[in-house]
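Remarks on the structure that follows.
The values are calculated or read from the model by the stated rules, or taken from the named source; none is laboratory data. All values reported here derive from a predicted model rather than from experimental measurement. Neighbour counts run over all protein chains shown; Cβ positions are idealised from the backbone, glycine included.
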Amino acid sequence: MSSALNRRLEMLNQRYEGVGPLAAISAITEEEFEPGKVALVSSFGTESAVLLHMISRFRADLPVLFLDTGKLFGETKRYRDQLVDMLGLTNVQSITPDPAAVAARDPKGVLWSQNPDACCALRKVEPLARATAPYEGWFTGRKAFQAASRAAVPVFELVEGKFKINPLVTWTKTDLNNYFEQYKLPRHPLEADGYLSIGCMPCTSRVEAGEDARAGRWRGSDKVECGIHLPAGQTPALVES
Ligand code: SF4
């Protein structure tokens with residue numbers, strides 16, 4: 001990784017320390033990156049509406065990359081359509097796995113049950129790497145409170161030569177709830193049913209009281225991230241081994 005990128009990373013984290021997400025998003029999209037060089041990656045999950053709404057206030061045409069793994073809940077796709085209409089987002093792109101790779105490596109669609117890291121590599125990591133290739137950076141909606149594994153996430157990270165930007169990282173669940181109420185944002189239809197963090201259907205379960213919001217993801221295994229949010233060097237193998 002180049003020292004120039006590392007210096008920029010350090011400078012960005014110093015510049016945006018303590019800056020609220022709205023001011024940060026405005027400055028980052030207008031000043032820090034050239035037009036067309038920053039995107040947003042959204043799962044359209046339980047808390048996604050907040051960041052999508054903030055982005056829509058400044059740049060409704062910002063590229064929004066939505067990973068359609070082929071294993072999502074139908075409710076998530078309907079929620080995506082609802083938010084796109086409501087927020088006037090004009091550049092939402094569905095990112096899908098390579099059909100030839102799926103046919104070769106997961107012909108029966110059950111790889112998730114045999115090797116979830118390989119399934120996430122096929123259906124999430126590789127498509128996202130292709131989709132983010134034209135950009136210098138991308139926004140994520142990660143928050144520190146979501147799980148112990150995210151407690152120390154900074155606003156800017158540098159992973160595989162790309163800046164990952166986490167403007168909501170210091171926000172609490174109360175901050176998010178207040179924002180939902182202030183702007184009358186709709187909730188993901190599965191949230192009221194106990195799904196507090198929503199990914200692919202086979203790998204998502206309800207969360208019990210007192211558990212981390214992400215405790216329902218890959219329940220019963222030690223897997224906590226799909227690979228797109230692992231630190232540099234810890235990304236799962238990009239092809240099934
Ligand atoms: S979350 Fe589950 S179904 Fe989705 S890509 Fe990962 S292993 Fe496959």
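Things worth noting here:
- Qualifying residue in the stretch 40-51 (condition: outside any loop (DSSP other than H, G, I, E, B), closer than 21 Å to PRO127 by Cβ and free of Cβ contacts under 8 Å to residues at least 60 places away in the same chain): no
- Which listed residue is of a type in the set (Gly, Ala, Ser) and within 18 Å of ASP175 (Cβ to Cβ), from SER43, SER48: SER48
- Count of the stretch 165-180 residues which are over 18 Å from SER197 (Cβ atoms) and in contact (Cβ under 8 Å) with a residue 12 or more places away in the chain: 3
- On inspection, LYS164 does not qualify as within 14 Å of the chain's Cα centre (by Cα), within 16 Å of the ligand (Cβ to nearest atom) and surrounded by 13 or more Cβ atoms within 10 Å (Cβ to Cβ).
- Among the candidates LEU67, LEU89, LEU128, LEU62, residue that is of a type outside the set (Val, Ile, Thr) and over 21 Å from GLU34 (Cα atoms): LEU67
- Cβ pairs under 9 Å, 6+ apart, first in the stretch 193-204 and within 18 Å of TRP112 (Cα to Cα) and near the ligand (Cβ under 7 Å from one of its atoms), second assigned to a strand (DSSP E or B) and modelled with pLDDT of 85 or more: GLY199/LEU72; CYS200/LEU72
- Pair list, Cβ under 7 Å, 6 or more apart: the stretch 123-140 residue closer than 18 Å to LYS71 by Cβ, other residue among the β-branched types (Val, Ile, Thr) and more than 11 Å from the ligand (Cβ to nearest atom): VAL125/THR235; PRO127/ILE95; PRO127/THR96; LEU128/VAL41; LEU128/ILE95; ALA131/ILE95
- Of the criteria (1) closer than 24 Å to PRO202 by Cβ; (2) β-branched (Val, Ile, Thr); (3) modelled with pLDDT of 95 or more, which one VAL38 fails: (1)
- LYS124 satisfies every condition listed in (1) more than 22 Å from SER26 (Cβ to Cβ); (2) loosely packed, with under 13 Cβ neighbours inside 10 Å except (2).
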